[in-house]
C-alpha cells in the first residue's frame with residue numbers, strides 16, 4: 001500500500017516539498033524571468049510569459065518551503081525584476097501598478113466583507129474621497145474654494161498618504177453610522193446608495209461652490225518629487241519612465257503596509273470578534289463582543305486603505321473625474337474578493353491580481369488578436385469585442401463562483417467550513433420540497 | 001373556490017369581500033396620492049413664501065404655483081412607475097426574504113422588448129396604422145411575457161440552487177445576474193441594430209390634452225396640459241394594480257402566494273408546491289416590471305441597457321418605504337417617493353436660485369429617504385414592526 005501510494009503520488013506533489021521544491025521554484029522563477037526580460041516587447045507571447053511569471057507568486061504561496069526563502073524570491077521578483085522590466089516596457093509596470101492598487105482595495109474590502117461579513121457595495125466611495133482630497137488640495141482647484149489659496153507643495157504627498165488613511169477611516173465611520181442597525185441585504189443596498197451619493201456629489205458640487213469641478217474632473221494633480229537616489233540609480237532614463245517605477249514602488253509600499261496590518265488584524269482579538277460577528281451577531285453580543293464598535297472599526301479599517309490608495313491613484317493618474325468611481329468599480333473590487341475567497345488574504349491578493357489582469361491585459365489582448373484575425377479575413381462579427389463586456393465578465397464570475405464555489409478559489413478555512421456546513425445540514429427554515437408530480 | 005355551491009346571500013357577501021379586498025388597498029393608495037400631493041404642495045408654497053424676498057427677478061410664489069399642477073402630474077407618473085417596479089421587489093422579498101437585485105434589469109429588458117417590437121412594426125410600416133390603445137396593449141403584453149419568463153428563468157438558474165446558502169450568497173449572485181443582463185442586452189442592441197440608445201417608436205399619440213388655462217398676467221396665460229403618454233401610463237398602472245390586488249387577495253393562487261410568504265414549510269405541508277409558487281411570484285413580479293418598462297419606454301421615447309439601475313434602486317427604496325414584503329406598502333411607497341422626487345426635481349433649482357440642480361439632487365433624496373426610513377422606521381409606512389433587523 002505504502003509503496004503503491006508513493007508510486008501513484010504524482011511527480012508534482014513531490015515538487016511541492018523537500019529540497020526539490022527549492023530547486024524547482026528557483027528554476028521556474030529564473031526561466032520565466034529570463035524569458036520575460038529577453039523579449040520585453042508587448043505581444044501575445046510576452047503576455048503569456050508575464051502571466052506565467054506572475055504565477056511564480058502563486059507557486060511560492062502554495063509550495064512548502066521555508067518562509068525566508070519565499071520572501072527572498074518574492075522580493076527579488078517584486079523589487080528587482082518588475083522595476084527592471086518597467087524600464088524596458090512601461091506597459092507591464094503599469095499593469096503591476098494597477099494590480100497593486102486593486103489588490104490593496106480588495107484587501108480593504110475583504111476586511112469589511114470577508115472578515116466582518118458586512119456587504120459593502122459602495123466601497124469605491126472611500127477611494128474617491130482619498131483621490132479628491134489630494135486632487136483638490138494639490139491643484140489650483142483649491143483657489144476655487146478659498147480664493148487666494150495656492151496649491152500645496154507636492155512634497156506634502158507623503159503626509160497626505162497618511163492623512164488619506166485618516167480621512168478614509170473618518171468617512172468609513174460616517175457612512176457606517178447610519179447603517180449599523182441593518183442586516184446584510186439592506187446594508188448592501190444602502191452602501192450602494194451611499195456610494196452613488198458620493199459620485200453624484202462629485203458630479204454636482206461645482207455649484208454653488210466649485211469644489212470638485214463637476215464632471216470635467218480635476219487635471220494636473222501633483223506627483224511627489226522624484227527622490228534623487230532613484231534618479232541617480234536609473235540615470236539615462238526619461239522622467240516619465242522613472243516615475244512609473246517610482247509610483248510602482250510607492251504602490252508596493254502601501255500594499256505591503258496594508259498586508260501587514262490585515263494579517264495582524266486577522267489573527268488578533270479584533271479579527272476574532274469580527275469573525276464571531278459574521279457568523280452570528282446575537283451570539284457575539286452575548287459573548288461580550290462590542291458589536292457597534294467592531295462594525296465601525298471594520299468600516300474604518302477597510303475605508304482607510306482605500307483612502308490612502310486614492311491619494312496615490314490621483315497622483316498616478318494626474319487626472320480624476322467622477323466616472324472613475326462608479327458602481328462598476330465597487331462591484332469589480334467585490335468580484336476580486338469573492339473570486340479569491342471571502343475572508344482569505346491570499347485569496348484577495350489572487351483575486352485582485354487576476355481580475356485586474358483579465359480586465360486590462362487578457363481581454364484587450366484577446367480583442368486585439370481577434371481584430372488582427374479579422375483583418376486577415378476571418379469572419380468575426382463586429383460586435384464581438386471581449387474588452388467591451390467587462391460587466392458580463394464580472395457578472396458571470398459572480399454567478400459562477402456563488403453557484404459552484406461560494407468560498408472562493410483560495411478559501412479561508414473558517415469560511416469554507418461555514419459554507420460546507422450549510423450544504424450538509426440545511427437550516428430547518430427551508431427544506432427542499434420534493435416535487436410529487 | 002367553493003363559492004358557487006353556497007347560498008346566494010353568502011356568495012353576495014363573497015363578492016363584497018372580494019371587492020373590498022381588491023379596492024381597499026387602492027383606496028389606501030388614493031389616500032396617499034391626495035395626501036402627499038396636498039402636503040408637499042403646501043410645504044413648497046410655504047417655502048416659496050418664506051424665500052420670496054431672496055429673488056427680485058421672479059415672483060417665487062407665483063412661479064411655484066404656476067408649475068404646481070404639472071409637477072403633480074409628473075409625481076403621479078413617477079409614483080406609479082416606482083410602484084409597479086417596487087411590487088416585483090416586495091413580492092419576491094415576501095416569499096424568499098431575498099432582494100432580487102436584478103429586478104431593475106428585468107424592467108429594462110421589458111422596455112427593450114417593447115422597443116424591438118415597435119421597431120419591427122415600424123419597419124413593416126404597420127406602426128402608424130395601429131390605433132394607440134391596441135399598440136399599447138400589444139407592447140405591454142409582449143414586455144410582460146418577455147420579462148416574466150426571464151425572471152422565472154433567472155430564478156431557476158441563479159437563485160434556486162442557492163436557496164439554502166447563507167444570505168449573502170444569492171444576493172451576490174443577483175448582482176452578477178444584473179451585470180450580465182446589462183451587457184447581454186447591450187450585445188443584443190448592437191447586433192439587432194437598435195443601438196445603445198434605442199428609439200422606442202410609437203404611433204402618434206396626438207397633441208396633449210389642454211385641461212385649463214392659468215392666467216399669469218392680463219396678457220399671458222399658461223396652459224395646463226396633460227400629456228397623453230403620461231395619462232396612458234397612469235391608467236395602465238392603475239389597471240395593473242387592480243388586477244394584481246384581485247390576483248393576490250381574491251384567488252386561490254393569491255392565497256397560496258400569501259401562505260408561502262407567511263411560512264414556507266407549513267405551506268408546503270398544506271399541499272402547496274412551494275417551488276411552483278416561488279416561480280409564479282417571479283413571473284408576476286417580472287411581468288409587472290416588464291409592463292412598467294414598456295410604459296416607461298413609450299413615455300420617454302428612448303431606452304438603453306443601463307436604464308434599469310436607478311429606477312430599480314429607487315423602486316427598492318419605495319418598497320422599503322412602504323414596508324418590504326407588504327404589497328399595498330409597495331404601491332404607497334412608490335407614490336410617496338414619486339411625489340417627493342418630482343417636487344425636489346422641479347422646485348430645488350427654483351427655490352435655491354439655481355445653486356443646486358434639482359434633477360441630480362432628486363436621486364440623492366431617494367437615497368436619503370432610504371437611509372432615514374431604515375434608521376427610524378425599518379418596518380416602513382405600512383409594515384408591521386418586526387424584530388428581525390438586529
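The values are calculated or read from the model by the stated rules, or taken from the named source; none is laboratory data. Just so it is clear, the structure is predicted and the values come from calculations on it, not from any experiment. In this analysis, Cβ positions are derived from the backbone assuming ideal geometry, glycine residues included, and neighbour counts consider all displayed protein chains.
The single condition from (1) surrounded by 14 or more Cβ atoms within 10 Å (Cβ to Cβ); (2) closer than 29 Å to residue A:345 by Cα; (3) within 10 Å of chain B (Cβ to nearest Cβ); (4) at pLDDT below 80 that residue A:385 fails is (2).
For (1) buried (at least 16 other Cβ atoms within 10 Å of the Cβ); (2) touching a helix residue (DSSP H, G or I) at 6+ places or on another chain (Cβ under 7 Å); (3) within 14 Å of chain A (Cβ to nearest Cβ); (4) under 14 Å from residue B:236 (Cβ atoms), each residue gets a yes or a no:
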residue: B:123; (1), (2), (3), (4): no, no, no, no
residue: B:126; (1), (2), (3), (4): no, no, no, no
residue: B:131; (1), (2), (3), (4): no, no, no, no
residue: B:136; (1), (2), (3), (4): yes, yes, no, yes
residue: B:139; (1), (2), (3), (4): yes, yes, no, yes
residue: B:155; (1), (2), (3), (4): yes, yes, yes, no
residue: B:158; (1), (2), (3), (4): yes, yes, yes, no
residue: B:162; (1), (2), (3), (4): yes, yes, yes, no
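Can you find a residue that is in a helix (DSSP H, G or I), over 30 Å from residue A:23 (Cβ atoms) and touching a residue at least 40 places away in the same chain (Cβ under 8 Å) anywhere in the stretch A:81-90? Yes, there is a match, as at least one residue in the stretch A:81-90 is in a helix (DSSP H, G or I), over 30 Å from residue A:23 (Cβ atoms) and touching a residue at least 40 places away in the same chain (Cβ under 8 Å).
Return yes when residue A:380 is free of Cβ contacts under 8 Å to residues at least 12 places away in the same chain and either within 12 Å of chain B (Cβ to nearest Cβ) or buried (at least 22 other Cβ atoms within 10 Å of the Cβ) (or both) and no when it is not. I'd like the intermediate steps shown before the answer.
On the way: free of Cβ contacts under 8 Å to residues at least 12 places away in the same chain: yes; either within 12 Å of chain B (Cβ to nearest Cβ) or buried (at least 22 other Cβ atoms within 10 Å of the Cβ) (or both): no.
The answer is no for residue A:380.
With respect to residue B:111, is the statement that it is in contact with a strand residue (DSSP E or B) (Cβ under 7 Å, 6 or more places away or on another chain), surrounded by 20 or more Cβ atoms within 10 Å (Cβ to Cβ), modelled with pLDDT of 90 or more and assigned to a helix (DSSP H, G or I) true? In short, yes.
List the helices (runs of 4 or more DSSP H) inside the stretch A:341-407, counting only whole elements, that have at least 3 residues being within 24 Å of residue A:275 (Cβ to Cβ).
Details: elements: A:345-357, A:363-375, A:390-404.
Passing ranges, in order: A:345-357, A:390-404.
Number of residues in the stretch B:168-208 that are free of Cβ contacts under 8 Å to residues at least 60 places away in the same chain and within 9 Å of chain A (Cβ to nearest Cβ) equals 11. For the stretch A:61-80, a tally of residues being closer than 15 Å to residue A:245 by Cα and buried (at least 18 other Cβ atoms within 10 Å of the Cβ) returns 2.
Scanning the stretch A:190-239 for residues that are buried (at least 16 other Cβ atoms within 10 Å of the Cβ), away from every other protein chain (no Cβ under 14 Å) and in a loop (DSSP other than H, G, I, E, B) yields A:213, A:217, A:221, A:222, A:223, A:224, A:234. Evaluating residue B:374 against the criteria (1) over 30 Å from residue A:285 (Cα atoms); (2) in contact (Cβ under 8 Å) with a residue 40 or more places away in the chain; (3) within 13 Å of chain A (Cβ to nearest Cβ) leaves one unmet condition, (1).
Screening the candidates B:338, B:289, B:312, B:334 for the property of being part of a helix (DSSP H, G or I), in contact (Cβ under 8 Å) with a residue 12 or more places away in the chain, surrounded by 22 or more Cβ atoms within 10 Å (Cβ to Cβ) and within 13 Å of another protein chain (Cβ to nearest Cβ) yields one hit, B:312. Against the test of being within 14 Å of chain B (Cβ to nearest Cβ), over 27 Å from residue A:206 (Cβ atoms) and surrounded by fewer than 24 Cβ atoms within 10 Å (Cβ to Cβ), the options A:260, A:285, A:254 yield a single qualifying residue, A:285.
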